[in-house]
Amino acid sequence: MKRRAWLTLGAVVLGGGGIATYAVASPSTDAAEDVQPKRPVKVYDLTLKGTAAGKRELPRTETKEFSLLGVSWTGVPKPLEGRAQVRTRSSDTGEWTAWQDLETNIDPPEDPEERSGARGASEPLWVGPSDGVQVQVVHEDGTTSAGLPKGLEVNLVDPGIATAAEQKNTGDDTDPAAFAADETPTPTPTVSDSTSASPTATPTDTATATPTATATIPTAPPSTVPAPSVVSRAGWGADESLSPDPSEYNADVKAVFVHHTDGSNDYSCADSASIVRGIYAYHTQTNGWNDIGYNFLVDKCGTIFEGRKGGVDLPVLGAHTYGWNRESTGIAILGNYTDAGASDAALTSVARITAWKLGQYGVDPDSTVQLKAGATQKNLAGTSFTAGSLYTFNRVSGHRDGYATECPGTSLYAQLPTIRAWASGPVQGLKLTSLTGATLSGSTYYTKGAITAKWSATTPSSLISKFELLVDGKVVATTSGTATSAGTTLAAGSHKVAVRAVHQSGKTTPATTALTVVTDTTAPTFSTTPKITLRTGTVTTTAAPVTLGWKAADSQALKQVSLLSPTTATFGPTTTSSSRTAKPGTASTWSMKAYDVAGNTRTSSPSYTPMILQETSATKSGSWTTRSSTSYLGGKSYSSGSKGASLTWTFTGRSAAWVVSRASTSGQAYVYVDGTKVATVDLKSSTTAYRQAIWTKSWSSSAKHTVKIVVVGTSGRPTITTDGLVYIK
């Protein structure tokens, strides 16, 4: 979609002693197009004119949309003695932002020749597509008569459209517009058609732009670690005509200085190439540098961009940390990390670049080094440096360690130890998280043989070379650094299982605490086959009270026993009985399954039939009276108060229960089993109850037995009422 944008700027005198300038664009749109034409990057320099009474203002003028801005002034040595603030209006929403401070304490160039032609400038601020701007400069002393340097300008950067991915995105193309006399547009050369993956796509392999200098190009030494993928300058749409000077090289790379670019963290990673392109244009066209200052830039999604040209695998001289550029590489993360820390993705990529660059020179990222100061100055902490003297730095340091700046932000500065640890190794936070195919019992795992070990680590996987699964101290499986599990099959017996990791540096993490794993392929046993025996309780024609008993064992560890039929239940490994009911006259299969912790099982399924013997099936002696009631089994019972009267049942079974009716007037009876008196049973009860199994007897196996009851003739309550006998066959 093409859009013509007119940007109107002006100035307001601040009551507190400062200058406020503003600019507003009024776009008009034409028909949308599916693919956007390429548009080169442009920088619009808008001069704040001086007026009477020490005021400076920008006359009304016209320009185009922008996405990045800063302020600059004549003369690098002259600092901006005051605070520069900006606010912008989004071209998408029309909303104005709050005031934002511009970082103005920026490193000057070290090279005297480059320094003489450079301008003082704030850090560039990415604001996204905008059509209005206000700039406010407040003097430290509150006056307007002094403090502002000469040649104060507002610099607006349109990063253009340069990559294939950006051409497919919805965007605006602006037609040429007239410029005011004191507005200096950047030359607009044609952008090269050579592009590669945008930041939203998979980055290209590590790219090396062909250096323009030939005589002093060093040989790229191999690194001890793999190179990360890097989006080349062509990939992010660098206009190489903005940097015509040949590259310069250092002897080596001894340290890495970490930076942030300032600005917003709310950018879309699809805009990262545009942000890099905008910074590049700002450094070359506003600061007057010969190239972008940083050697590498990283966005919050972890995409790495080639910065200063000359070859990503070579020790290119950058312009990122005043006084220390000759022995270091500069890596900047897009965004502001004063209050919020950088993402893990960004930290990971910084660690990978760090490990790779320092690895080219055999340097451990988590060590210190002495660097020679290239300038006399102080850092943020107040440490004084004298040009030519040696000072100790961490191999991975923050911008503030070498120069008096807040960069890389307090939060990111606190994350530098993480970058060092990830880049150096060994792998951190390694632990076994689980074993599948095995069950934990106490402190021991049990398996039938095949297991899968799962682990985690806090070091990002892209910095890990491999993981090794150990069984009894020997490597049984090796995986890539991105894997999180490995499987093996264990032989019978007890084993120690652990995992260890190898960092890309070659450092090996000690094995995790070993887990004890026992391989068990033997099924549990039923040392006592499941069986049912009659118990006391109420008997009906559909349910007789029984006790289900069993005993299971295992050579290693029993887990549980389950009842599968005629109903279902699950029991712990130490439980050996359960109160159930069984239907009289019906054969029931009592199927039980024993499980050990390893997963082996055994099933036992015996069948039993409860039988009811009515009182009419007994052999009688003495006087008995028949009673009828629906409360009795079968509707009838025998009652007798005659001392010595008896009933005898004969059956073949493994368990028996005498069933009676009970009341407060009920008497006692003797019980004989196979001719031997075994019990005296008192039927007395405070409440009336029918069909009560009051006495039971069980045997280890089924056999022929006789049960005889004899009326005692208890004084005052001689009568007993019997409702039959139940037995298990």
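The values are calculated or read from the model by the stated rules, or taken from the named source; none is laboratory data. This structure is a prediction, so every number in the text was calculated from the model and none was measured. All Cβ positions, glycine included, derive from the backbone under ideal geometry; neighbour counts span all protein chains shown. Keep in mind that these areas ignore ligands, DNA and RNA; they rest on the heavy atoms of the full protein, side chains included. Shrake-Rupley method; radii C 1.70, N 1.55, O 1.52, S 1.80 Å.
Of the residues screened, residue 728 is one that is among the aliphatic types (A, V, I, L, M), touching a Pro at 6+ places or on another chain (Cβ under 6 Å) and surrounded by 19 or more Cβ atoms within 10 Å (Cβ to Cβ).
Looking across 480, 456, 465, one residue alone is in contact with a strand residue (DSSP E or B) (Cβ under 7 Å, 6 or more places away or on another chain), free of Cβ contacts under 8 Å to residues at least 24 places away in the same chain and open to solvent by 10 Å² or more (accessible area, probe 1.4 Å). It is 480. Within the range 665-707, restricting attention to residues that are of a type in the set (D, E, K, R) and in contact with a strand residue (DSSP E or B) (Cβ under 6 Å, 6 or more places away or on another chain), the residue that is surrounded by the most Cβ atoms within 10 Å (Cβ to Cβ) is 691.
In the range 660-683, the residues that are without any contact (Cβ under 8 Å) to a residue 12 or more places away in the chain reach residues that are crowded, with 16+ Cβ neighbours inside 10 Å with C-beta atoms within less than 6 angstrom, at least six apart or across chains, in these pairs: 677/670. Please tell me if residue 425 is closer than 20 Å to residue 504 by Cα and loosely packed, with under 14 Cβ neighbours inside 10 Å. Considered against the rule, which asks whether it is closer than 20 Å to residue 504 by Cα and loosely packed, with under 14 Cβ neighbours inside 10 Å, residue 425 comes out as no. In the range 302-324 there is no residue matching the filter, namely being under 21 Å from residue 405 (Cα atoms), assigned to a helix (DSSP H, G or I), in contact with a helix residue (DSSP H, G or I) (Cβ under 6 Å, 6 or more places away or on another chain) and modelled with pLDDT of 95 or more. The set of residues in the range 342-363 that are touching a residue at least 60 places away in the same chain (Cβ under 8 Å), under 17 Å from residue 460 (Cα atoms) and not in a helix (DSSP H, G or I) contains only 342. Per this entry, residue 375 is not counted among residues that are open to solvent by 10 Å² or more (accessible area, probe 1.4 Å) and either in a helix (DSSP H, G or I) or touching a residue at least 12 places away in the same chain (Cβ under 8 Å) (or both). Every listed requirement among (1) closer than 30 Å to residue 659 by Cβ; (2) buried (at least 21 other Cβ atoms within 10 Å of the Cβ) is met by residue 533 save one, (2).
Among the criteria (1) closer than 23 Å to residue 421 by Cα; (2) surrounded by fewer than 22 Cβ atoms within 10 Å (Cβ to Cβ), the one residue 354 does not fulfil is (2). Checked against the criterion of being surrounded by 21 or more Cβ atoms within 10 Å (Cβ to Cβ) and touching a helix residue (DSSP H, G or I) at 6+ places or on another chain (Cβ under 6 Å), the range 708-722 has at least one qualifying residue. Restricting attention to the range 273-292 and to residues that are crowded, with 24+ Cβ neighbours inside 10 Å and among the small types (Gly, Ala, Ser), the residue that is farthest from residue 164 (Cα to Cα) turns out to be 281. Based on this model, can you work out whether residue 655 counts as buried (at least 18 other Cβ atoms within 10 Å of the Cβ), closer than 27 Å to residue 528 by Cβ and not hydrophobic (A, V, I, L, M, F, W, C)? Yes; evaluated as a whole, the condition is true for this residue.
Scan 362, 335 and give me the residue that is open to solvent by less than 40 Å² (accessible area, probe 1.4 Å) and either in contact with an Asp or Glu (Cβ under 9 Å, 6 or more places away or on another chain) or more than 24 Å from residue 283 (Cβ to Cβ) (or both).
Testing whether each residue is open to solvent by less than 40 Å² (accessible area, probe 1.4 Å) and either in contact with an Asp or Glu (Cβ under 9 Å, 6 or more places away or on another chain) or more than 24 Å from residue 283 (Cβ to Cβ) (or both) leaves just 335.
Per the conditions (1) open to solvent by 30 Å² or more (accessible area, probe 1.4 Å); (2) modelled with pLDDT of 85 or more, the sole criterion not satisfied by residue 156 is (1). Considered as a group, the residues in the range 620-638 that are out of contact with any helix residue (DSSP H, G or I) (no Cβ under 8 Å at 6 or more places or on another chain) and assigned to a strand (DSSP E or B) include one that is least open to solvent (accessible area, probe 1.4 Å), and that residue is 621. The strands (runs of 3 or more DSSP E) falling completely within the range 562-603 that include 3 or more residues that are at pLDDT 95 or above and open to solvent by 60 Å² or more (accessible area, probe 1.4 Å) map to 577-582.
Can you confirm whether residue 661 is more than 27 Å from residue 585 (Cα to Cα), among the small types (Gly, Ala, Ser) and open to solvent by less than 30 Å² (accessible area, probe 1.4 Å)? Working first, answer last.
Values: more than 27 Å from residue 585 (Cα to Cα): no; among the small types (Gly, Ala, Ser): yes; open to solvent by less than 30 Å² (accessible area, probe 1.4 Å): yes.
So residue 661 fails the test.
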